[in-house]
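The values are calculated or read from the model by the stated rules, or taken from the named source; none is laboratory data. Here the structure is a predicted model, which is why all the values come from computation and not from measurement. Using ideal geometry, Cβ is built from the backbone for each residue, glycine included, and neighbour counts are taken over all protein chains shown.
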Amino acid sequence: MGITGRRNEEILDVVGIGFGPSNLSLAIALEEHGASAPRHPVTSHFFERQPTFGWHRNMLLPSTTMQISFLKDLATFRNPMSRFSFISYLHASDRLVQFVNNQDFFPTRQEFHQYLEWAASGLSDRVTYGAEVTAIRPGSDGNGLSPDLLEVEARTADGTTRVVTARNVAISTGLVPRLPEGVTADERVWHSSQFLSRFNAQSPDDLKSVAVVGAGQSAAEITRFLHDALPHAQVCAVVPSYGYSVADDTPFANQVFDPAAVDDYYFGTDRGRDAFWRYHRNTNYSVVDADVIRDLHQRTYDEEVRGTRRLHFRNLTRVAEVERSGSTTRVVLRSLLDDRTEDLSVDALVFATGYDGLDPVRLLGDFDRHFRRDAAGRHRLERDYRLVPATDLTCGVYLQGGTEHSHGLSSSLLSNIAVRSGEIADSIVLRRTERELERDRPVEVAPPVA
């Protein structure tokens, strides 16, 4: 399907903005709907600003594993018979038997990334890579602005602009890396989202002292990686807590990621939603897998026994100042225990300080005023992840991410990706059917007055 993007072109049922795992899963759900209704498929196209498919490439560290079961893939929870499941990928790769023999519920991140690439390659005709969506605005038909239509403007790799008309958009532009205020990334100061590419651009011999800031899984994994990759270097972990906190992945706690938990959160009371966060934040946020914690502690203990310390921890400590001087970075650390400061000179400084959630305002611009917000200023969403309109709009703006306040902890995570995408696909199909029934309904003409 050629996407030429003018108003007289085909009106698509949905345009996807971003083609990471969430919108890839949506594309699969739409594809499988088309297979079940071949005479009336959902028409769609996706735009992705990356030149090729990629998901957290800079954190594909050796031997790191997924923190979710392989069954929580792009499709299985929605359709166990999907040809886009992880098991189908293993079969296609002739590794199914070996994977079973491995007796591990959690594939490596490298293998899961290969699975995602494999799935994306099967839908390559639905996506334009190297294209960044710059605006979403009300669409128009031959009679002017239409509440049923949207226009999506995208700038492609060759610098041209395309405008596509659709009835719905699904925004899944991913998370935005967060650095402490006043800190700017450069060739020696990195966010974890840049890690492997930045690290590989350096000569290991030039990295004699490195520091990692953060208390979560990424911070711990990078610390361990640097300790392995730089056997000559001093490695300092700057942890804002008293030590790494363990991720609760026990069965009852893990129920917070069940599909049914989304309903419990969405339709629950304010008190109930608060309890989700108060009791179960430690399932995902600023926590570390127990095996990684034990490994790091064993390393520092072994060094203490040998009397040769390379791995250092600054607990209850925050970065107060960062100053570059040539190839060296001066870091001022401030202890939360006694407020004392410490100067540290490092050759590389890594901030594993998390991400900010998706905010659709950048894309919506002035169009954002057509959607309702709650008392806290956050977007209001329907249960199907669609923004609640404040006007007579009948087009749909769906969010895949940035919905933790309305749908709970799993709203932007892989755990619920297959079901979430299926719900969005079902909503698009249902609303299309309702629109068509309304359009085809006979107009009743009142009998003439005698």
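List of remarks:
- Sole residue being closer than 23 Å to residue 400 by Cα and part of a helix (DSSP H, G or I), chosen from 197, 193: 193
- Any hit, the range 286-305, residues being assigned to a strand (DSSP E or B) and out of contact with any His (no Cβ under 9 Å at 6 or more places or on another chain): yes
- Matching residues in the range 346-371 - criterion: being farther than 25 Å from residue 284 by Cβ, touching a residue at least 60 places away in the same chain (Cβ under 8 Å) and not in a helix (DSSP H, G or I): 346, 347, 348, 349
- Checking each residue in the range 199-227 for being over 18 Å from residue 293 (Cβ atoms), in contact (Cβ under 8 Å) with a residue 40 or more places away in the chain and of a type outside the set (Asp, Glu) picks out 199, 202, 207, 208, 209, 210, 211.
- Pick from the range 289-323, criterion closer than 20 Å to residue 230 by Cβ and among the polar types (S, T, N, Q), ranking: farthest from the chain's Cα centre (by Cα): 308
- When residue 30 is tested against (1) free of Cβ contacts under 8 Å to residues at least 24 places away in the same chain; (2) crowded, with 23+ Cβ neighbours inside 10 Å, exactly one condition is not met: (1).
- Test: residue in the range 177-189 that is within 18 Å of the chain's Cα centre (by Cα), modelled with pLDDT of 95 or more and farther than 28 Å from residue 403 by Cβ: no
- Flag if residue 394 is more than 30 Å from residue 288 (Cβ to Cβ), in the same structural domain as residue 134 (by TED's automatic domain parsing) and polar (S, T, N, Q): yes
- Residues of the range 333-360 satisfying the condition of being aromatic (Phe, Trp, Tyr) and in contact with a Lys or Arg (Cβ under 6 Å, 6 or more places away or on another chain): 355
- The residues of the range 262-276 that are surrounded by 14 or more Cβ atoms within 10 Å (Cβ to Cβ) and assigned to a helix (DSSP H, G or I), listed by number, are 262, 264, 265, 266, 273, 276.
- For the range 227-248, residues that are surrounded by 23 or more Cβ atoms within 10 Å (Cβ to Cβ) and within 17 Å of residue 190 (Cβ to Cβ) total 4.
- Scanning the range 308-340 for residues that are β-branched (Val, Ile, Thr) and out of contact with any Ser or Thr (no Cβ under 8 Å at 6 or more places or on another chain), we see that the one that is nearest to residue 211 (Cα to Cα) is 319.
- Subset tally (residues that are of a type outside the set (Lys, Arg) and touching a Lys or Arg at 6+ places or on another chain (Cβ under 9 Å)) for the range 208-237: 11
- In the set (1) under 25 Å from residue 259 (Cβ atoms); (2) buried (at least 16 other Cβ atoms within 10 Å of the Cβ); (3) over 24 Å from the mean Cα position of the chain (by Cα), residue 81 fails one condition alone, (2).
- Residue satisfying condition, being more than 30 Å from residue 318 (Cα to Cα) and either among the β-branched types (Val, Ile, Thr) or assigned to a loop (DSSP other than H, G, I, E, B) (or both), within set 212, 256, 235: 256
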